[in-house]
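Trainee: Here it is, the structure, as structure tokens.
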Amino acid sequence: MDLPSKYRPADVEEKWYSHWMKNGYFKSVPDEREPFTIVIPPPNVTGVLHMGHILNNTIQDILVRRARMQGKNALWLPGTDHASIATEARVVAMLKEKGIAKSDLSRSEFLDHAWEWKEKHGGIILEQLKKLGASCDWDRTKFTMDKSMYESVIQVFIDFYKKGLIYRGVRMVNWDPKALTALSDEEVVYKEVNSKLYYIRYKIEGTEDEWVTIATTRPETILGDTAVCVNPADEHFSDLAGKKVVIPLVERPVPIIQDDYVDMEFGTGCLKITPAHDINDYEIGMRHKLKVIDIFNDDGTLSEAAELYIGEDRFVARDKITDELTKKGHIVKIEDYVNKVGFSERTDEVIEPKLSLQWFLKMEQLAKPALEVVMNETVKFHPAKFKNTYRHWMENVRDWCISRQLWWGQRIPAYYLPDGEIIVASSREEAFQIGKKEYGLPDLKPEDLKQDEDVLDTWFSSWLWPISVFDGIRFPDNPDIKYYYPTNDLVTAPEILFFWVARMIIAGLEYRHDIPFKNVYLTGIVRDKLGRKMSKSLGNSPDPIELMNKFGADGTRVGMLFTSPAGNDLPFDEDLCIQGRNFSNKIWNALRLVKGWKVDESQAQCAACAVSVEWFSSRLNATIQLLEDHYDKFRISSALMVAYKLIWDDFCSWYLEMIKPGYQQPMDRITYNRTVEFFEKLMQVLHPFMPFITEEIWHRLRDRDDDDCIMNSRMPQLTGYDQGLLNRFEIAREVTVTVRKIRAEKNIPLKNSILLYVKKNHGEEPDTYFDSIVQKLCNISTLGYTEEKMDDAISFIVKSTEFFIPHSEAIDVEAEIEKLEQELDYSRRFLTTVMKKLGNERFISNAPRKVVELEEKKKADAEGKIKVIEVQLAELRREA
């Protein structure tokens, strides 16, 4: 095959992805092999690919491709989430553009529009993932509103209801006035905002000029006040017990009550109580049996119960009420104040605490076993630091508000009889039969039943994801669920640790009596160079598709991973993708070099080539062992860097140079075949990270059938390696680098051969194993050993060995002295650092023996080097 001079990612990516898909290489069915399963965190059906998706899905693909190459039956199951709030908002906006209001449609008509929108736009993000190289079993793609998934959610609701864990009641909820729905506590994002603290005075009833002053950030809510509260231990207000104050503007008398909740240090020590619009006030109101006045409509405007400013937006009303309070002498002062305000995670609207009739799931008992399996590491978090966050959430869990005032989603299977009694059933017909038989209503008609209007929280479907994608709720003994569950690894973001991860663990333990996954890899947040989170609103997020068009999918994948340790934020820079593209080009050029060599079948393998092959074989196997360790510890970014350095540095920069034949000279067959084998193994190691270029090179290294694909090959197995040999090579590497540096400094062209003499010290025996390599790489005509220091030569030291390059030009003695003094100073400081470590009893006691031995070797090497430098300096100073 002709090799193009440049690697063209677009051609290669389209070719191989189509081939993989056509041949069904991503498909999985249960068989006798060990399963390896990942279920994709389902992106919102409204979504398009962003940088977080690139990071998350690249990591998943790496894990799946590696497992497949280990001989496991790997399944990566894709799908999307119906995203109730986001999707309904999109559909409402679409209808508005057409001049249609949601209120003008029936529920059924609206859902027809929603499904039409989903079919048109809902698959975009999955198609984009294919461009990334995602090796998902696309035939298994799931959607949380699919029939089987929908029915699973309904079945779980009914089950929990029958167990007494789901109930309906009036509670204080987080209300989103924009989405017009309740939210769970976890869907509220608290932000620090610059507010005002208003000091407002209330007149004590029946007095001429006696007042109490309260402090509030929400003056508009005084219209719903039903008490003023003080701490019973606060002596300042001991005389107010039993009295009343008059609420300004509405002139409503309310009692002054006492409760330990009041913080005597905050504000004035007097607290206005608005039970309908603050969770703490609500609880105080319950204890003191206070009246509840809800002054807000669902959209955040003032209701008729407010009496004033009816229909005004709550923030407009705040300004108007402040003006009126000021005019009437009720404002004492207004201070700047920084406080935390809750915002809707979906719409970014300021949350309104609101009393509402909602459905809840009791969480306390369900959370306990889910906490235990994480704390005892049955489920392992990577990094483990998130265990503490998880524990805090689970130990302070509240009942989950699971109802949403929307139409798009799984409708709550609760049916109301004419007298208000609730029947929970999977269908209207089932509820009708229950009503007739169990409630003694023989004349009941199906149309007499009214189904609850609300849908379930989106998370109430996605928490079943690892089970429901295999239909394990409806059919708990089917072959898929028994084979693929529990899954292996989950890759997700820390911000949905409780939203999703914790709840999946709860659901898994409840319905499979087993954990849903063994490992949870938590990615960081993708940030720009300034440390800001990437977002559309800031305009600082590149388009991933454009990145892939520009740098290739492989280049983009590795660019994302170059700085993404688990759990830590990723400071993304487009230069990282340039580095990824350059890596592709480096590998391609290495292929062109190797394929350009001619082989002489009769030529014997030279000593330098034999040594090079032996060294790289050990280097490759040592790296495979290190890679396995990184994978086992979920250090995916570190694994990539190890593979990157092995290929770029050890293979391309060193090994290929070590074996490269002279200009227009042939290579021996043994070395060539071993080099191709090494190249193949390197591509296998790299394939999970860079699937496209590795597949292309795999097929170009030797003649293969199209079906002989790298993605289905077996990952190289670890064989023995010689660590001593690797250590000895590092000395040869340092000698080579130093000689080349001297050549550059002294302007000695590489084409001009030089002499190199070696002086061993401290009774050490010469190690000549890599001499042929040093000679070849440095163009040394003679490499000899001497027992005497050489005059008129450039010298340098590696470990405690001296090296001399005879040089005709006069040596600048002063410059040599300065260079050696700097080297001596560095070596002494290095020795001091090592001695401190070896003098630390804790280090000696706790560090592994190998680590201590390494430090002791560093000490001996440094001491030997210092002695040699000191001798050299003494001799040079005598000459000076």
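Trainee: For the chain, what does the helix formula give at 222 nm: sum of -39500 (n - 2.57) over DSSP H segments with n ≥ 4, over the residue count, nearest 500 deg cm²/dmol? Walk me through the numbers before you get to the answer.
Mentor: Values: 27 runs with 370 residues, N = 880.
-13500 deg cm²/dmol, from helical runs alone.
Trainee: Continuing with the same structure: Convert each backbone phi in region 420-427 into a coupling constant with the Karplus relation 6.51 cos²θ - 1.76 cosθ + 1.60 (shift: θ = phi - 60°), then list the ³J(HN,Hα) values in order as whole Hz, x for Gly and Pro.
Mentor: x, 4, 9, 10, 9, 8, 6, 7
Trainee: Oh, and also: Enter the angle in degrees (range 0 to 90, nearest 10) between the Cα long axis of helix 691-701 and the first principal axis of the Cα atoms of the chain, meaning the one along which they spread out most.
Mentor: 30 degrees
Trainee: Taking Cα centroids, how far is region 860-877 from region 575-590 in Å?
Mentor: 43 Å
Trainee: What list of ³J(HN,Hα) couplings, whole Hz, do you get for region 180-196 from phi and the Karplus terms 6.51, -1.76, 1.60, once you set θ to phi - 60° and write x for glycine and proline?
Mentor: 3J(HN,Hα) across region 180-196, in whole Hz: 6, 8, 6, 10, 6, 4, 6, 8, 10, 9, 8, 10, 6, 10, 7, 10, 10.
Trainee: Taking just the C-alpha trace of region 355-416, give me its Rg and Dmax in Å.
Mentor: When restricted to Cα atoms, region 355-416 yields Rg and Dmax of 15.8, 48 Å.
Trainee: In region 788-850, carbon and sulfur make up what percent of the accessible area (probe 1.4 Å)? Could you put the intermediate results ahead of the total?
Mentor: Values: 2040 of 4160 Å².
Taking all protein chains in place, region 788-850 shows 49 percent carbon and sulfur surface.
Trainee: Rounded to a whole number of µm²/s, how large is the Stokes-Einstein D of the chain at 10 °C and 1.306 mPa s, given Rh as the Kirkwood radius over C-alpha pairs?
Mentor: Working: Rh = 33.3 Å.
It comes out at roughly 48 µm²/s.
Trainee: Something else now. In whole Hz and in residue order, list the ³J(HN,Hα) couplings for region 300-313 that follow from phi through the Karplus curve 6.51 cos²θ - 1.76 cosθ + 1.60, θ = phi - 60°; x for Gly and Pro.
Mentor: Once rounded to whole Hz, the list reads x, 8, 6, 8, 5, 5, 6, 6, 10, 6, 4, x, 7, 4.
Trainee: Mind scanning LYS130/LYS387; LYS131/LYS529; LYS98/LYS178 and naming the pairs with a C-alpha gap bigger than 31 Å?
Mentor: Details: LYS130/LYS387 33 Å; LYS131/LYS529 26 Å; LYS98/LYS178 20 Å.
LYS130/LYS387, as the Cα separations exceed 31 Å there.
Trainee: How many angstrom separate the Cα center of region 731-771 from the Cα center of region 110-168?
Mentor: If we compute the Cα centre of each part, the gap is 66 Å.
Trainee: Counting DSSP beta bridges in the chain, what percent are antiparallel, to the nearest 5? All intermediate terms of the calculation are to be shown ahead of the outcome.
Mentor: Values: 65 of 93 bridges.
Given both bridge residues lie in the chain, the antiparallel proportion sits at roughly 70 percent.
Trainee: Mind scanning LYS598/LYS751; LYS368/LYS633; LYS586/LYS865; LYS102/LYS354 and naming the pairs with a C-alpha gap bigger than 32 Å?
Mentor: On the way: LYS598/LYS751 23 Å; LYS368/LYS633 27 Å; LYS586/LYS865 37 Å; LYS102/LYS354 24 Å.
The answer is LYS586/LYS865.
Trainee: R0 = 35 Å: FRET efficiency of LYS867 with ALA607, Cβ-based, nearest 0.05? Numbers along the way, then the final one.
Mentor: Numbers: r = 33 Å, r/R0 = 0.95.
Here the calculated transfer efficiency is 0.60.
Trainee: Mind ordering 622-631, 793-802 by average Cβ neighbours within 10 Å, highest first? Walk me through the numbers on the way to the answer.
Mentor: On the way: 622-631: 16.7, 793-802: 19.2.
Highest-to-lowest ranking by the protection proxy: 793-802, 622-631.
Trainee: Accessible area per residue for the chain in Å², computed with a 1.4 Å probe and the full protein assembly in place, what is it?
Mentor: Value for the chain: 46 Å² per residue.
Trainee: Shifting gears a bit: Please give the FRET efficiency for LYS819 paired with THR768, using the beta carbon to beta carbon distance and R0 = 35 Å, rounded to the nearest 0.05. Provide the component values of the computation, followed by the final result.
Mentor: Numbers: r = 28 Å, r/R0 = 0.79.
Efficiency, rounded to the nearest 0.05: 0.80.
Trainee: Considering the convex hull of the alpha carbon atoms of region 179-254, report its projected area averaged over all viewing directions, in nm², one decimal.
Mentor: Values: hull surface 31.6 nm².
For the Cα atoms of region 179-254, the hull's average projected area reads 7.9 nm².
Trainee: With a point put 7 Å past each Cα toward its Cβ, work out how far LYS595 is from MET641 in nm, to one decimal.
Mentor: Here the modelled spin labels are 3.3 nm apart.
Trainee: Right, next: Can you list the GluC sites (Glu not before Pro) in region 397-500 that are in a DSSP coil and have 15 or fewer other beta carbons within 10 angstrom?
Mentor: Passing sites in region 397-500 are GLU421, GLU453.
Trainee: Here is a further query. Leaving ligands, DNA and RNA out of it, report the carbon-plus-sulfur percent of the accessible area of region 317-448 at a 1.4 Å probe.
Mentor: Working: 3200 of 6860 Å².
That fraction is 47 percent.
Trainee: Still on this structure, please answer the following. Angle between the Cα long axis of helix 147-162 and the longest principal axis of the chain, 0 to 90 degrees, nearest 10?
Mentor: 60 degrees
Trainee: Now for a separate question. Bin width 5 Å, alpha-carbon pairs only: give the P(r) of region 605-669 as whole percents, running from 0 to the bin holding the largest distance.
Mentor: 4, 16, 23, 19, 14, 10, 7, 5, 2, 0
Trainee: Between LEU3 and ASP448, what's the calculated FRET efficiency when r is the beta-carbon distance and R0 is 56 Å? Round to 0.05.
Mentor: Details: r = 77 Å, r/R0 = 1.38.
With a Förster radius of 56 Å, E is 0.15.
Trainee: Want the number for GLN433 to VAL48: 0.36 nm per residue separation, take away the alpha-carbon distance, what's left? Spell out each step's value before the answer.
Mentor: Values: separation 385, 0.36 × 385 = 138.60 nm, distance 4.50 nm.
Between GLN433 and VAL48, full extension yields an extra 134.1 nm.
Trainee: Can you give the extra length, in nm with one decimal, that the chain gains between HIS19 and ASP104 once fully stretched, where that is 0.36 nm per residue apart less the Cα-Cα distance? Present the calculation step by step, with values, prior to reporting the outcome.
Mentor: Values: separation 85, 0.36 × 85 = 30.60 nm, distance 4.91 nm.
Extra length from HIS19 to ASP104 when fully extended: 25.7 nm.
Trainee: For the Cα atoms of the chain, what angle does the longest principal axis make with the long axis of helix 574-595, in degrees from 0 to 90, nearest 10?
Mentor: 40 degrees
Trainee: Same structure again: Quickly work out the LYS550-to-PHE843 label distance, labels modelled 7 Å from Cα along the C-beta direction, and quote it in nm with one decimal.
Mentor: Each label point is offset 7 Å from its Cα along the Cβ direction, giving 4.5 nm.
Trainee: Name all residues of region 776-809 having a backbone nitrogen under 15 Å from the label point set 7 Å from the Cα of ALA860 along its Cα→Cβ direction, giving them as ranges.
Mentor: 799-801
Trainee: With a point put 7 Å past each Cα toward its Cβ, work out how far LYS368 is from GLU265 in nm, to one decimal.
Mentor: 3.6 nm
The values are calculated or read from the model by the stated rules, or taken from the named source; none is laboratory data. Since the structure is predicted, the reported quantities are computational estimates derived from the model, not experimental observations. Glycine gets a Cβ as well: all are built from the backbone with ideal geometry, and neighbour counts include every protein chain shown. Note: accessible area is taken over every heavy atom of the protein model, side chains too, but ligands, DNA and RNA are not part of it. Shrake-Rupley method; radii C 1.70, N 1.55, O 1.52, S 1.80 Å.
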